[in-house]
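The next block holds one structure in the form of structure tokens; read it before the comments.
The values are calculated or read from the model by the stated rules, or taken from the named source; none is laboratory data. Keep in mind it's a predicted model, so treat the numbers as computed, not measured. Positions of Cβ are generated from backbone atoms using ideal geometry, with glycine treated the same way; all protein chains shown enter the neighbour counts. Areas reflect the complete protein model, heavy atoms only, side chains present, ligands, DNA and RNA absent. Shrake-Rupley method; radii C 1.70, N 1.55, O 1.52, S 1.80 Å.
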Amino acid sequence: MRDLFNKPNDRRGRHSSKWDVLESKFDVPSADGIAMWTADSDYPTAPCVLQAMQAAVDHGVFGYWTDNTEYHAAIQWWMKTRHGWDIDTDWILTCQGLGNAIALCIDVWTEPGDRVVTFNPVYHEFEFKIRKAGRVPVQCPLKREGDSYNLDLEDAQSRLDGSEKLLIFCSPQNPSGRIWSAEELRQVAEFAEKNDLIVVADEIHHDFIYPGHSFVPYDVAARDSRDRSVILTASSKTFNIAGLKTGNIIIPDATLREAMAQRLRSLDYSPNRMGLEMVTAAYTPEGAEWVDAQIEHLIENRCIFDDAVNAIPGVRSLPLASTYLAWVDFSGTGMSFEEISRRVRKDARIAPSPGPEFGPGGETFLRFNLATQAYRVEEAAKRLQEAFSDLQ
């Protein structure tokens, strides 16, 4: 099965947001540039998902949809089997992916001018969505200790003024791949209670957990805080089906859930039928087997990339516990971010995500997506070594 992840393909010219903006966004040549920014993968989704889609195509009718029982049951089975999380299917609300979910949460539980808390560096879309909604981001730096980022809640507390309403929390942490312990998650819950914050826990990367590590869902760790907890999950990263725009807003508390449900009703929102069928097919034993094979593939890619990058003097790829996103620190080179970026984009012809977009702590970093074929990772690693060869 692992050969599925290394079969050559070319996504250019197929309206891929990852591959078709290399020149316009990064000034990286389209012909031989390597896209390593957007967090989607370059290999096809699981065979069981493709089979379900083919069956739907063969049926040929795509009318209105009713009865989400199988879809909800699949989510319930996956969360219990893969994450030890017992959920009631009534808790599940469906949205157009987690970008949409984050925007909805900001809309439902804050007002224009309210402050929204994040722990940085963190997924850049959090801040972008906060600002687009007319809210004010409160960026609370994580404490870098060696290769790990840790919570600094004392510092975070000093940055609050009492007008904050929401805390958007990334678990596992993007971009560093950090997995929070149950105790740390409870500390976040206590911080939220102290400051009367609703916690929106984005757990989209929770299926990418590497050997020797374990993931604890926020609701499992902080069960006593359900009256202020909203958990976001999706199969989109795991199965590379983000374009189907289907995600889950899981809300155990009835009052919070009704507030979101009312907003969805007011928007006359109903889920994408094909997205529901794909998720139902993905969250199965066959899908789980495919995910396990994908993890093995990502481990190999991670080793290829880290061995090469860490051999460059002054460059450090932080060890990943989760995600398929390498978080690489170039601070040891002594170069400005502009020079680092120029070498990577112009000399190596690679488009990663710029670290400064992730907020405080990302100033000397680039984030590289490793969810691609091994030959691309090998080529990227070779180009990076060549681009910084004068340091060796």
(message) Give me log10 I(q)/I(0) at q = 0.17, 0.20 Å⁻¹ for region 192-320, Debye formula, one equal scatterer per alpha-carbon, no solvent.
(response) -1.06, -1.22
(message) Can you report the principal axis dimensions of region 152-248 using only the alpha carbons, biggest first, rounded to whole angstrom?
(response) 40, 32, 25
(message) I need the peptides 119-131, 145-157 ranked by packing, meaning the mean over residues of other C-beta atoms within 10 angstrom, with the highest value on top.
(response) 119-131, 145-157
(message) With +1 on the Cβ of every Lys and Arg and -1 on the Cβ of every Asp and Glu, and nothing else charged, how large is the dipole of region 155-245 about its Cα centre, in debye rounded to the nearest 20?
(response) 300 debye
(request) Compute the Rg to Rh ratio over the chain from the alpha carbon atoms, using the Kirkwood formula for Rh, and round to two decimal places. (result) 0.96
(message) Just to verify a number: FRET efficiency for residue 160 and residue 182, C-beta to C-beta distance, R0 = 30 Å, to 0.05?
(response) 0.80
(request) With a ≥ b ≥ c taken as the square roots of the eigenvalues of the C-alpha gyration tensor of region 269-344, please select rounded if a/c is under 1.5 and otherwise prolate if a/b is larger than b/c or oblate if it is not? (result) oblate
(request) Enter the accessible area of residue 196 (Å², nearest 10), with the probe set to 1.4 Å and all protein chains included. (result) 110 Å²
(request) Could you work out the Rg to Rh ratio of region 36-155, with Rh taken as the Kirkwood radius (inverse of the mean 1/r over all Cα pairs)? (result) 1.06
(request) Enter the accessible area per residue of the chain (Å², integer; probe 1.4 Å; all protein chains in place). (result) 41 Å²
(message) For the chain, set up a GNM with springs between Cα atoms under 10 Å and report which of 197, 267, 22 has the largest fluctuation.
(response) 267
(request) Could you check the simple spin-label distance between residue 65 and residue 273, using points 7 Å along Cα→Cβ, in nm with one decimal? (result) 0.9 nm
(request) Take the alpha carbon atoms of region 326-377, find their center, do the same for region 81-103, and report the distance between the two centers in whole angstrom. (result) 32 Å
(message) Report, to one decimal in Å, the Kirkwood hydrodynamic radius for region 67-117 based on all distinct Cα pairs.
(response) 13.0 Å
(request) Calculate for the chain the 222 nm mean residue ellipticity that helices alone would give, adding -39,500 (n - 2.57) per DSSP H run of length 4 or more and normalising by residue count, nearest 500 deg cm²/dmol. (result) -11500 deg cm²/dmol
(message) Averaging the inverse of every distinct alpha carbon separation and then flipping it gives the Kirkwood radius. What is it for region 260-392, in angstrom units?
(response) 17.1 Å
(message) Using the Cα centre of the chain as the reference point, and only Cβ charges (+1 on K/R, -1 on D/E), how large is the resulting charge dipole? Debye, rounded to the nearest 20.
(response) 780 debye
(request) Pick out which of 293, 55, 380 has the largest mean-square fluctuation in a Gaussian network model of the chain, springs linking Cα atoms closer than 10 Å. (result) 55
(message) Quick check: at a probe of 1.4 Å, how many percent of the accessible area of the chain sits on carbon and sulfur atoms?
(response) 48 percent
(request) Under 16 Å Cα to Cα from residue 165, which aspartates and glutamates show up? Leave out anything in the same chain fewer than 8 places away. (result) 107, 111, 114, 127, 190, 193, 196, 227
(message) Taking the Cα of residue 342, stepping 7 Å toward and past its beta carbon, and measuring to each backbone N in region 292-334: which are under 15 Å?
(response) 334
(request) Among the listed pairs 132/346; 18/382; 132/382, give every one whose C-alpha distance is greater than 28 Å. (result) 132/346; 132/382
(request) Report, for the chain, the % of DSSP beta bridges that are antiparallel, rounded to 5. (result) 50 percent
